[in-house]
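J.: Just dropping this structure here.
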Amino acid sequence: MNIQHKILFGYVILMAVIGSMTAILLFDRARIREIEKESAEIRAVRLDINTVHRRITELATLGESVMAWDTTEYRVYHEKRMSIDTLLVDLKQSCTGFVLPEQVDTLRILLSDKEHHLYRIMKAFHRQEIADSLIAEQLPKVSSQATRTRTVIRKKKGIAGWFGKKDTVTVPVPAAPLHSLNERLISMQEKRIRELNTYTDSLRFYNQELNARLNSFIIQLDGQAQNAFQYREQEIAEAQKHSFRLIAGLVGAAIILLVISHFVIVRDLRRRDRDRRHLEEAVTQNRNLSDMRKKVIMTLSHDIRGPLNAISGSAELAMNTRDRKRRNAYLTDIIGSARHITQLANSLLDLSRLNEAKETLNPVPFRLIPFLDRIAAEYTRPANDR
């Protein structure tokens with residue numbers, strides 16, 4: 001994989017990390033919105049609970065004046081009780097996760113029974129008012145009957161009576177109707193007291209039970225709502241911590257991958273720079289070797305051309321010379337030049353093998369003077385002959 005692909009791979013990793021962070025943030029935002037929506041529902045439930053509590057308190061306050069109620073005030077009480085009943089029905093449907101439906105139904109039944117008892121108490125007081133009105137109507141008549149008198153003639157008491165003396169006396173009429181009215185009033189009063197005591201005891205019992213159920217209902221709903229709020233807050237905190245951990249992990253992984261990618265790219269750049277330097281050195285060496293080869297070829301050409309000319313000249317001279325001694329000298333020059341050419345050819349072959357790494361260099365010390373003397377002797381004779 002070349003460096004362009006590695007750089008592209010680094011950008012792809014970076015974009016993937018950024019996309020993952022964006023997705024995590026969007027997911028956490030949607031989750032937090034959902035939790036906030038649930039929290040808003042819990043607040044609405046809590047508001048309904050407080051409304052129910054307030055209205056029940058108002059209803060209880062209104063019921064304290066039952067002795068002075070009339071039909072209109074009873075209808076007002078009934079309408080308020082029905083509004084509370086409707087609110088409890090709605091609360092029953094929306095608070096299934098906080099309170100049992102049976103508790104709401106029990107509270108509704110208690111409120112309905114209390115209304116019936118208040119209605120009976122109102123009726124009892126109305127009957128008392130009717131009885132009082134009857135007493136007010138009949139009492140003057142009975143009182144007038146009770147104050148009637150009659151005149152009775154009877155004997156005087158004592159000695160005068162013995163002599164037949166009589167006396168006229170006014171005697172009150174017996175108060176039987178008044179006693180009858182008194183007995184009826186006492187009976188009605190006792191009955192009213194018994195009814196009021198019964199209704200009062202029953203009302204007191206229902207009030208106690210209603211207050212206990214209401215307090216238990218409110219406390220339970222408040223506790224469950226508070227627990228729900230705490231649970232939602234914990235969920236929000238956990239979601240934030242989870243998103244922070246994910247983002248931190250992604251950022252850390254991205255940083256690690258970017259650092260690794262940076263080191264890989266730097267290593268490749270250094271390798272490319274090193275390879276470039278090696279190539280430049282190889283090019284320089286090849287150029288130097290090419291120049292050296294040219295010089296060697298030119299030198300060998302000059303070195304070979306001289307002995308060849310010497311061989312050619314000595315051969316011509318040997319052909320035209322009848323003196324055996326001189327002919328042998330020419331032949332010796334030819335042989336020396338041939339050997340010299342052979343040595344040059346061998347040296348050229350060794351050099352080419354060294355360049356192709358087919359031959360290892362074996363440095364051996366030698367004396368340069370004999371080599372120069374041999375070269376001088378080789379070129380001295382042809383020069384003298386000319």
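J.: Checking the structure you have, find out if any residue of segment 271-279 is in contact with a Lys or Arg (Cβ under 9 Å, 6 or more places away or on another chain) and not hydrophobic (A, V, I, L, M, F, W, C).
T.: Taking segment 271-279 and keeping what is in contact with a Lys or Arg (Cβ under 9 Å, 6 or more places away or on another chain), we get none.
Taking every residue of segment 271-279 in turn, none turns out to be in contact with a Lys or Arg (Cβ under 9 Å, 6 or more places away or on another chain) and not hydrophobic (A, V, I, L, M, F, W, C).
J.: Now, a different point. Being at pLDDT 70 or above, of a type outside the set (Val, Ile, Thr) and not assigned by TED's automatic domain parsing to the domain that holds residue 22 is true for just one of 167, 201, 268. Which residue is that? Before you say what the answer is, go through the steps one by one.
T.: Details: 167 fails: at pLDDT 70 or above; 201 fails: not assigned by TED's automatic domain parsing to the domain that holds residue 22.
Checking each option against the conditions leaves just 268.
J.: So for segment 233-242 (the condition being over 30 Å from residue 21 (Cβ atoms), of a type in the set (S, T, N, Q) and modelled with pLDDT of 75 or more), does at least one residue qualify? Break it down into steps so the answer makes sense when it comes.
T.: Applying the first criterion (over 30 Å from residue 21 (Cβ atoms)) to segment 233-242 yields none.
Within segment 233-242, none of the residues are over 30 Å from residue 21 (Cβ atoms), of a type in the set (S, T, N, Q) and modelled with pLDDT of 75 or more.
J.: Criterion first (touching a residue at least 60 places away in the same chain (Cβ under 8 Å) and out of contact with any Cys (no Cβ under 8 Å at 6 or more places or on another chain)) does residue 247 satisfy it? Steps first, answer last, please.
T.: Details: touching a residue at least 60 places away in the same chain (Cβ under 8 Å): yes; out of contact with any Cys (no Cβ under 8 Å at 6 or more places or on another chain): yes.
Answer is yes for this residue.
J.: Within segment 22-62, restricting attention to residues that are within 12 Å of the chain's Cα centre (by Cα) and among the hydrophobic types (A, V, I, L, M, F, W, C), which residue is nearest to residue 82 (Cα to Cα)?
T.: Applying the filter and picking the extreme gives 35.
J.: Name the single residue, out of those in segment 31-82 being within 19 Å of residue 113 (Cα to Cα) and among the basic types (Lys, Arg), that is surrounded by the fewest Cβ atoms within 10 Å (Cβ to Cβ).
T.: My answer is 75.
J.: Separate question: In this structure, is residue 254 in a helix (DSSP H, G or I) and outside the structural domain of residue 380 (by TED's automatic domain parsing)? Reasoning before the result, please.
T.: Numbers: in a helix (DSSP H, G or I): yes; outside the structural domain of residue 380 (by TED's automatic domain parsing): yes.
Yes.
The values are calculated or read from the model by the stated rules, or taken from the named source; none is laboratory data. Fair warning: this is a prediction, and the values are worked out from it, not measured in the lab. Backbone-built Cβ (ideal geometry, glycine too); neighbour counts: all protein chains shown.
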